[in-house]
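Novice: Just dropping this structure here.
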Amino acid sequence: MRLHSYSCAAADPSESVRVLSVSGEVDFSVEQRFLEAVETAALEAETLVIDLNDVQYMDSLGLRVLVRAHRLMHRRGGSLAVVANAPLIRRILRLTGLDGLFSVCENLEHALARSG
C-alpha cells in the first residue's frame, strides 16, 4: 500500500480539505499505517477525502479504518468522502452499508465539489 496526503482548496476558503490517496492492497499488513495516515490527514481538516481509486483489494480491517475515519471526522464536526470507482470496492462499500455512512464518489473532482 502506498499513501499520499495533500491539502487542496475548497470552494469556501474557510474550509480545510485534506485528500489522502491510497493505492495497492489495503489489508491487515497495512492497517496501522492506514489508520495513522488517516489520523494525520484529519488533524486540521474540516473535510477528509480518502481516494481509493487505485486500490485493488481491501479487507475488513481497511473497512474498519474507514469507519474510524468517519467517526473521527463526525466528532470533530467535519465530514468524510470516499472516492471509489472500482466496481469491487464500490460493491464492498454498498454490501456493508458504508455507502450510507459517508459520501462515496466516483472521482476526486466530484468529492471536492461536494465538499465545497
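Novice: Which label belongs to the value computed from this structure, given these candidates for mean projected area of the Cα convex hull in nm²: [x] 7.6; [y] 8.7; [z] 6.0?
Specialist: Only one listed value fits the structure, namely [z].
Novice: Restrict the search to the range 27-107; then list the chymotrypsin sites (Phe, Trp or Tyr not before Pro) that DSSP places in a loop and that have at most 10 other Cβ atoms within 10 Å of their Cβ. Spell out each step's value before the answer.
Specialist: Numbers: sites: PHE28, PHE34, TYR57, PHE102; in loops: PHE102.
Qualifying residues, ordered by number: none.
Novice: Counting other Cβ atoms within 10 Å of each Cβ, which trypsin sites (Lys or Arg not before Pro) in the range 41-77 have at most 14 and sit in a DSSP loop? Mind showing how you got there, number by number?
Specialist: Values: sites: ARG64, ARG68, ARG71, ARG75, ARG76; in loops: ARG76.
Passing sites in the range 41-77 are ARG76.
No value in this document is a laboratory result; all are computed from the given coordinates. None of the values given here were measured: they were computed from a predicted structure. Ideal geometry is used to build each Cβ from the backbone, glycine not excepted, and the neighbour counts take in all protein chains shown.
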